[in-house]
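The structure appears right after this line, and notes come after that.
The values are calculated or read from the model by the stated rules, or taken from the named source; none is laboratory data. These numbers come from a predicted model, not from an experiment. A quick note on method: Cβ atoms are made from the backbone with ideal geometry, for glycine too, and the neighbour counts reach across all protein chains shown. Surface accessibility is based on the protein's heavy atoms, side chains included, excluding ligands, DNA and RNA. Shrake-Rupley method; radii C 1.70, N 1.55, O 1.52, S 1.80 Å.
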Amino acid sequence: MRALNRETANEAAGVDAQPDGPVKVLQIGEGNFLRAFVDWMLHVSRSKGGFNGTVAVVQPRPTGRAKIEQLAAQDGLFTVVTRGLEGGKPVERREIVTVIGQAFDPYAEWERFIALAREPELRFIVSNTTEAGLRYEPGPLGDGPIPSFPGKAARLLYERWRAFSGDPRRGLILLPCELTERNGDVLRDAVLRHAADWGWPEAFREWVAQHNRFLNTLVDRIVTGYPEAEQAESWFAAWGYRDAMLTTAEPYHLWAIEGEPELDDELGLRKAGLNVHYTDDLAAFRERKVRILNGAHTWMAAIGLLHGIGTVREVLEHPALGPAVREAVYGEIVPAMADADGALRAYADSVFERFANPYIRHRLSDIAMNSLSKFRVRLLPSLVWYAERGGRIPPRLAEGLAGLLRCCRVQPDGSGGGYASQALDGTTIPVRDDAGLLAIAADHWRVAEQGEGISGAVRRLLADERLWGCDMSRWPGLAETASAIIENWERGVKS
Ligand SMILES: NC(=O)c1ccc[n+]([C@@H]2O[C@H](COP(=O)([O-])OP(=O)(O)OC[C@H]3O[C@@H](n4cnc5c(N)ncnc54)[C@H](O)[C@@H]3O)[C@@H](O)[C@H]2O)c1
Ligand SMILES: O=P(O)(O)OC[C@@H](O)[C@@H](O)[C@H](O)[C@H](O)CO
């Protein structure tokens, strides 16, 4: 069977996939989420006469090369299957997204990347590099590729400023989708720091600050990536083409953008009927989503993997872990939020309904990627709320922390840079996280295992501010509670 490309899209699905129109969006990130969220939205808008440009996609890290090459081999096309309940009725929709005009590896074609800055109609940069990628990383400026995402964005803006002689009308709108709090502000600050590090003129920095917009945004859609092989094969047989970039997603989607409604004139998203909000108060959207939905995910990922469980739904159906995650959310996370009222509980109800979507299998191993930085953003603020009040240690949040600490009992996996941990039954779990942070965690466990044992490892880990941005070992009772949970697990007392 033939692979998806312009020709097969036309023959097998009657899709005219000639992405014409100027490059208006540069997308830094080839991941499932951006493709099933931003690209899918722009595709919907374009098909309704809204957005009238194309997207150029590059990957943020060298490791994304295989994906970007696959996307390029498919002429930028990929399929999104939306599955779930809409108004109580099951839906399964297939769409071939046709908005990507080019996909290339910026590490292999750095000049081509820089040349995008000179595209007159370029207007937006969208990104998703996970919370780990949206970070200022000092480094030298050479002629070649810049490793970090903010560094790449800075270099690109500098080129644009030079190419258009600082024309205020050529500034860009940056829409980062990372789940970092005030992601637009973080990106702007990192870009300006790079500009200062690299000795670029004050006039450039002024142009960046005054004529480019770094908008804070909040994204919400459960995107579950490539489905199980059996499901994929049966779809391919029915569709008449194969698609290695296929991704599945739930029907629910929300993009809240801190900016004025007129932004929609260029994107056409709201006009196309998509659930996009332009708002001056992103905080409320963000807090409830990151703490409740993502917090529950991060909690389930570590504990579930340790217990040999593969998906979100299986955690919810587990006799002990299902009630435990609900207790974590309703009993500890919701009460620790600013407006702990009925609306938040209703939101939590809707989140558990989405988790239970019978059509999606959300893999814990996907959710677990970069769990250390996710924990800081998604669960730690709830834990801090209790620590600051000096009350009892919230047992379920402590359990989530214990799960993460135990998952971080890692060793190099022999692949040259990778790390692996072990589930409670001794099965290997690959751990994908920042290599520097994993090396720190591995070291604490290694030292403690020479005599101090689990409680020593936990104390060392909690005291290390490089992992959490604070010293969690100072919170009375936390280390003891987390150690006792891990010791119980190791003794065979499962959650
Ligand atoms: N999948 C979802 O349901 C969903 C929903 C909302 C938000 N998100 C966001 O999307 C991110 C990626 O999820 P995905 O489902 O697309 O996963 P994915 O594995 O398909 O893509 C991950 C992307 O992040 C990049 N990345 C990872 N670590 C990085 C680092 N340290 N520096 C730079 N880039 C890095 C990868 O190169 C890749 O482009 C999540 O962390 C989250 O912030 C995902
Ligand atoms: O995508 P990640 O890896 O940042 O986090 C995993 C999930 O919590 C996340 O993808 C949610 O499904 C998503 O944020 C829902 O909008």
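Below is a table of values for the structure above.
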| quantity | calculated |
| --- | --- |
| Using a Förster distance of 41 Å, the FRET efficiency for Ser165-Ala435 (Cβ separation, nearest 0.05) | 0.50 |
| Rounded Å value of the spacing that divides the Cα centres of the range 88-138 and the range 295-368 | 30 Å |
| Distance cut-off 27 Å, percentage of C-alpha pairs in the range 288-491 lying past it | 25 percent |
| Where the chain is the region considered: accessible area per residue in Å², 1.4 Å probe | 40 Å² |
| Most to least packed among 411-418, 160-167 [average Cβ atoms within 10 Å] | 160-167, 411-418 |
| For the chain, calculated [θ]222 nm from helices alone, where every DSSP H run of n ≥ 4 adds -39500 (n - 2.57) | -12000 deg cm²/dmol |
| The range 330-374: C-alpha gyration tensor shape, a/c 1.5 cut-off, then a/b vs b/c | oblate |
| Relative contact order computed over the range 288-491 (Cα-Cα under 8 Å; 6+ residues apart), in percent | 22 percent |
| Sequence-distant residues sharing a close amide H with Arg213 (under 5 Å, placed H) | Leu172, Ile173, Leu174 |
| For the range 371-399 and the range 437-469, distance of Cα centres in Å | 18 Å |
| Counting DSSP beta bridges with both ends in the chain, the antiparallel % (nearest 5) | 45 percent |
| Under 30 Å from Lys24, Cα to Cα: lysines that are on another chain or at least 8 residues apart | Lys48, Lys67, Lys152, Lys271, Lys289 |
| Cα-based shape type of the range 246-381, given that a ≥ b ≥ c are square roots of the gyration tensor eigenvalues and the cut on a/c is 1.5 | prolate |
| Helix 342-355 axis, angle to the chain major axis (alpha carbon atoms, nearest 10°) | 80 degrees |
| Ratio Rg/Rh, restricted to the range 187-239 and using Cα atoms, in which Rh is the Kirkwood radius | 1.44 |
| Ranked by how many other beta carbons lie within 10 Å on average, peptides 361-367, 141-147, 390-396 from highest | 361-367, 390-396, 141-147 |
| Calculated FRET efficiency for the pair Val447/Met337, C-beta based, R₀ 45 Å, to 0.05 | 0.75 |
| Length-normalised contact order of the chain in % [C-alpha pairs under 8 Å, at least 6 apart] | 13 percent |
| nm² value of the averaged projected area, convex hull over the Cα atoms of the range 2-280 | 14.5 nm² |
| Centre separation in Å (Cα based) which lies between the range 167-195 and the range 1-75 | 23 Å |
| Loop-located GluC sites (Glu not before Pro) in the range 394-495, at most 16 other Cβ atoms within 10 Å (DSSP) | Glu449, Glu452 |
| Size descriptor, Kirkwood hydrodynamic radius, that averages inverse alpha-carbon separations across the chain, Å | 23.8 Å |
| Cβ crowding within 10 Å averaged over residues, with 47-57, 204-214 ranked highest first | 47-57, 204-214 |
| Carbon and sulfur %, accessible surface of the chain computed with the full protein complex present, 1.4 Å | 49 percent |
